[in-house]
Amino acid sequence: MADDSNGQSEQLLRSFGAITKALRQWVRSHMGADPAITIGRAGVLLGLLERGEPVSMSVLGAARDLTPREMTVLASGLAREGLVERSTDPHDRRVTLLSLTPAGRTIAEDQLLPAGKQAAALFNELSEPDRTELLRLLGEVARALERHGINVPLAPAS
């Protein structure tokens, strides 16, 4: 382990926290005026869109790092608004599946996907070499966390 006599590690931790909060605000500012579409709800809708088929609430919740209770609250709200449908898994009646309704698919495709691209454009303000280096460094942080038992599902390289 490297020496940290000048406190850089604590500064990095505080900086990551501040950047994480600011990035959530940045993403939210690009999601549109509908206050009902929170980042959590957007994550569920986009997760269902990515999979293209019904997904169990537990699988989707685990992929989004949501507790079963958080997933239930999000699914209930989205179902109440007609954006997702719940069904029972025909192979295991204990499992609840979620799928997008046509209205949910429209919001995901027409509002959330473009908003994500607009929010991601923030990183275009960095040079290509800086973006490459940032991705490399984030990969190093993810590997350090994994060595300590924390799984970090990084986005695949495109």
Within the stretch 53-111, residues over 25 Å from His30 (Cα atoms) and among the hydroxyl-bearing types (Ser, Thr, Tyr) come out as Ser56, Ser58, Thr67, Thr72, Ser87, Thr88, Thr96
Practice prompt. For Ala75, state whether it is under 30 Å from Phe123 (Cα atoms) and among the hydrophobic types (A, V, I, L, M, F, W, C).
Written response: no
The residue that is surrounded by the fewest Cβ atoms within 10 Å (Cβ to Cβ), considering only those in the stretch 122-136 that are out of contact with any helix residue (DSSP H, G or I) (no Cβ under 7 Å at 6 or more places or on another chain) and either closer than 23 Å to Val152 by Cα or touching a residue at least 12 places away in the same chain (Cβ under 8 Å) (or both), is Arg136
Result of the Cβ filter at 6 Å on the stretch 63-90, keeping first residues that are part of a helix (DSSP H, G or I) and partners that are β-branched (Val, Ile, Thr), at least 6 apart or interchain, is Leu74/Val44; Leu78/Val84
For the stretch 29-62 the number of residues that are assigned to a helix (DSSP H, G or I) and closer than 21 Å to Ala119 by Cα is 13
Residue set Leu12, Leu78, Leu46, Leu60; condition touching a strand residue (DSSP E or B) at 6+ places or on another chain (Cβ under 7 Å), within 29 Å of Ala144 (Cα to Cα) and surrounded by 10 or more Cβ atoms within 10 Å (Cβ to Cβ); output residue Leu60
Counting only residues in the stretch 137-154 that are part of a loop (DSSP other than H, G, I, E, B) and out of contact with any Asp or Glu (no Cβ under 7 Å at 6 or more places or on another chain), the one surrounded by the most Cβ atoms within 10 Å (Cβ to Cβ) is identified as Leu154
Residue pairs within 6 Å by beta carbon, gap of at least six or interchain, first lying in the stretch 94-105 and at positive phi and surrounded by fewer than 16 Cβ atoms within 10 Å (Cβ to Cβ), second assigned to a strand (DSSP E or B) and not basic (Lys, Arg), listed first then second, are none
Just a yes or no: is a residue in the stretch 31-49 of a type in the set (Ser, Thr, Tyr) and modelled with pLDDT under 90?
yes
(1) out of contact with any helix residue (DSSP H, G or I) (no Cβ under 8 Å at 6 or more places or on another chain); (2) of a type outside the set (Val, Ile, Thr); (3) closer than 29 Å to Asn151 by Cα all hold for Arg93 apart from (3)
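The values are calculated or read from the model by the stated rules, or taken from the named source; none is laboratory data. These numbers were taken from a predicted model, which means no experiment stands behind them. Here Cβ is always computed from backbone atoms with ideal geometry, including for glycine, and neighbour counts include all displayed protein chains.
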